[in-house]
Amino acid sequence: MKHWPKKQLGELLKVQNGFAFKSELFNDQCKGLPLIRIRDLARGFSKTFYNGEHDSEFEVKNGDFLIGMDGEFRCYRWKGGKALLNQRVCRLHNFNPELSASYVFYGINAHLRIIEDTTAFVTVKHLSSKQIASIEMPVPPLAEQERIVKLLCEADDLRKLRNQSDSRSEALIPALFFEMFGDPLKNTSRSPILPLAEVVDFGSGATPSKDNPTFWNGRTPWVSPKDMKPEEITDAEDHVSAAAFEESNLNLFPKDTVLIVVRGMILAHTVPIRLCRVPAAINQDMKALLPKIPIEPEFLRWSLQTQHAKLLNHVSTAGHGTKKLDSDRLREVTIPIPPLALQREFVQRVAVIRELAAIQAISRSRLEALFQSLLHCAFNDVMILSNNNKV
């Protein structure tokens, strides 16, 4: 690789800090201009507005490159229209004619990750405009920059197309459920309707004593809300031993049990419902749904999942701000009970969708590896941190 001359970003562009706008003039009634805060960068729009006088110097437009100065250090292209640059957000602008803005965008993100990984912090990591300006970047001829950007853009576009396809795939199972069984809230399929209390028993969980390490050296998964991110549970972060079952109020639930979170801050945004594909124990913030009538677990899971908005409405705030799903209301939730043969057909078609998702995951992994390889070739060998950029 040819080693192009390096220059500090401060020599090639301006790093503009945001302004401390008066908080008493903030509003959420769309009065004035949107105010860009750190949390708005990834989503690309703001729900907070500023209704007051301001200097046009702090007006942001689509395509501007913005960096959050606290927490996660990333550079984003703004896409939320005309807005105001708030404090703790900075903008890269006034680019030197010999520098492609898109070239900087790809290179700086690779470098910001290095700064983030090496920044000490107590609660939140902080970044300064001086650190950004001190970043040294190779400056090949403009034509070479544009060639690098073209390659990276093509790889990035492939990643975005893959993500769009994945999003559509995620919607296939709910769509299939509605196609086969109708809306469970309206019972458009005319199936028999039963409250959940007549369909399942609710199995409880517990937490063995953390003071006894022998309880936590076993092989049985102990599922807690933090393990409920995958679509299907095949393992857990923690595992318990036979001694934990003997000495604690633990139950072992069979393979293919539907699990639901009923307590915890996670309920502020979602009600996780998952199918556990292995025998497991659970903690006290969850319930296991144990069928009392013949029913396919996959069908049971999606009967509840398609009523997610209704379940979320049953979440309230208990003591110390803890979120809790009302047990009585949960037992009253009704689900359709179609013929078992139709439930099994649904399960078979879901399995096909999951196979497709697995193939897509491999494709996504390969595209990500390609993109990272291109970044490495373009910037890794020639991008360094200057001596005065240590944190």
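Listed values, structure above:
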{"read-out": "Condition met for residue 356 (open to solvent by 70 Å² or more (accessible area, probe 1.4 Å), of a type outside the set (Ser, Thr, Tyr) and assigned to a helix (DSSP H, G or I))", "value": "yes"}
{"read-out": "Positions within segment 163-179 being at pLDDT 75 or above and open to solvent by less than 60 Å² (accessible area, probe 1.4 Å), in sequence order", "value": "171, 173, 174, 175, 176, 177"}
{"read-out": "For residue 74: the one exception among (1) under 24 Å from the mean Cα position of the chain (by Cα); (2) open to solvent by 30 Å² or more (accessible area, probe 1.4 Å); (3) more than 18 Å from residue 37 (Cα to Cα)", "value": "(3)"}
{"read-out": "Filter pass, residue 260 being of a type in the set (A, V, I, L, M, F, W, C) and closer than 20 Å to residue 318 by Cβ", "value": "yes"}
{"read-out": "Residues satisfying the stated conditions in segment 5-56, i.e. among the basic types (Lys, Arg) and surrounded by 14 or more Cβ atoms within 10 Å (Cβ to Cβ)", "value": "6, 7, 14, 37"}
{"read-out": "Only one of 82, 47, 61, 31 that is in contact (Cβ under 8 Å) with a residue 24 or more places away in the chain and of a type in the set (D, E, K, R)", "value": "82"}
{"read-out": "Set 366, 349: member being basic (Lys, Arg), in a helix (DSSP H, G or I), open to solvent by 40 Å² or more (accessible area, probe 1.4 Å) and at pLDDT 90 or above", "value": "349"}
{"read-out": "Segments classed as strands (runs of 3 or more DSSP E), wholly inside segment 32-81, with at least 3 members that are farther than 14 Å from residue 21 by Cβ", "value": "65-68, 75-77"}
{"read-out": "Residue 182 under 24 Å from the mean Cα position of the chain (by Cα), surrounded by 12 or more Cβ atoms within 10 Å (Cβ to Cβ) and on the phi > 0 side of the Ramachandran plot", "value": "no"}
{"read-out": "Which numbered condition residue 320 misses (of (1) open to solvent by 90 Å² or more (accessible area, probe 1.4 Å); (2) modelled with pLDDT of 90 or more)", "value": "(2)"}
{"read-out": "Residue count, segment 101-129 (criterion: farther than 21 Å from residue 59 by Cα, more than 23 Å from the chain's Cα centre (by Cα), open to solvent by 20 Å² or more (accessible area, probe 1.4 Å) and in contact (Cβ under 8 Å) with a residue 12 or more places away in the chain)", "value": "2"}
{"read-out": "Candidates 138, 213, 221, 225 - the one that is over 24 Å from residue 289 (Cα atoms) and at pLDDT 90 or above", "value": "213"}
{"read-out": "Selection count, segment 88-132, where residues are in a loop (DSSP other than H, G, I, E, B) and more than 11 Å from residue 67 (Cα to Cα)", "value": "14"}
{"read-out": "Subset of segment 242-291 [among the hydroxyl-bearing types (Ser, Thr, Tyr) and surrounded by fewer than 19 Cβ atoms within 10 Å (Cβ to Cβ)]", "value": "248, 270"}
{"read-out": "Enumeration of residues in segment 222-272 that are of a type in the set (Ser, Thr, Tyr) and under 28 Å from residue 309 (Cα atoms)", "value": "224, 234, 257, 270"}
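The values are calculated or read from the model by the stated rules, or taken from the named source; none is laboratory data. Computed from a predicted structure; not experimentally measured. Glycine gets a Cβ as well: all are built from the backbone with ideal geometry, and neighbour counts include every protein chain shown. What goes into the accessible areas is simple: the full protein's heavy atoms, side chains included, and nothing from ligands, DNA or RNA. Shrake-Rupley method; radii C 1.70, N 1.55, O 1.52, S 1.80 Å.
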